[in-house]
Amino acid sequence: MTTTNPNPSKYSRKTATIYIVLIGLIIYLLFQLRDAKNGQTSELSQLQIQISKQSETQNKLKIELNNTQKELGEYLPYKAIILSASLRDSIYSLLPFKFGESAMIMPDSTPVVINSVSIFGNATDYSLKYVVRTKKGEYLQISPSELRK
């Protein structure tokens, strides 16, 4: 007695179809993996180019910073004077009269020219007066309230 498989071709067709689908899926996944790897490589190269450009820019900025620090280092001993002059100039810009401007002393309308500003004071009190020059060449200290244009 011999046993024979009733449908040998049907069983082998299912197996062959499964194998073909699996092989096709594996090939598709391999292509997807290759494309992803190529994309990763191109993005990595772009990032490396950006890093090198930023490194060059950083080096240029470091050189410029060092040069600027050397130049400004000469002025470091004068920092307090520079800040004081800056504060003085910002205060002068707020005053109603500018240097060289003509004005009159209120009580007797004596014409004067603004020469400078004297600021006196301490931590709790201050005084501001204009130093003016009269026609006679005298220098007087006048408060801003006593002057008009």
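The values are calculated or read from the model by the stated rules, or taken from the named source; none is laboratory data. As the structure is a prediction and not an experimental result, all values here were calculated from the model. For neighbour counting, all protein chains shown are included, and Cβ atoms are generated from backbone atoms with ideal geometry for every residue, glycine included.
Summary table
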| read-out | value |
| --- | --- |
| Matching residues in the stretch 108-120 - criterion: being modelled with pLDDT under 90 and either on the phi < 0 side of the Ramachandran plot or surrounded by 13 or more Cβ atoms within 10 Å (Cβ to Cβ) (or both) | Asp108, Thr110, Ser116, Val117, Ser118, Ile119, Phe120 |
| Matching option when the condition is part of a helix (DSSP H, G or I) and either of a type outside the set (S, T, N, Q) or exposed (fewer than 11 other Cβ atoms within 10 Å of the Cβ) (or both), among Lys129, Lys62 | Lys62 |
| Flag for Lys37 being modelled with pLDDT of 85 or more, under 30 Å from Glu138 (Cα atoms) and of a type in the set (Lys, Arg) | no |
| So Leu61, is it under 37 Å from the mean Cα position of the chain (by Cα) and within 30 Å of Lys149 (Cα to Cα) | no |
| Residue check, Gln54 at pLDDT 95 or above, within 47 Å of the chain's Cα centre (by Cα) and surrounded by 10 or more Cβ atoms within 10 Å (Cβ to Cβ) | yes |
| Subset of the stretch 75-126 [assigned to a loop (DSSP other than H, G, I, E, B), more than 27 Å from the chain's Cα centre (by Cα) and over 20 Å from Lys149 (Cβ atoms)] | Asn122, Ala123, Thr124, Asp125 |
| Check on Ile51, under 30 Å from Leu128 (Cβ atoms), among the hydrophobic types (A, V, I, L, M, F, W, C) and out of contact with any strand residue (DSSP E or B) (no Cβ under 7 Å at 6 or more places or on another chain) | no |
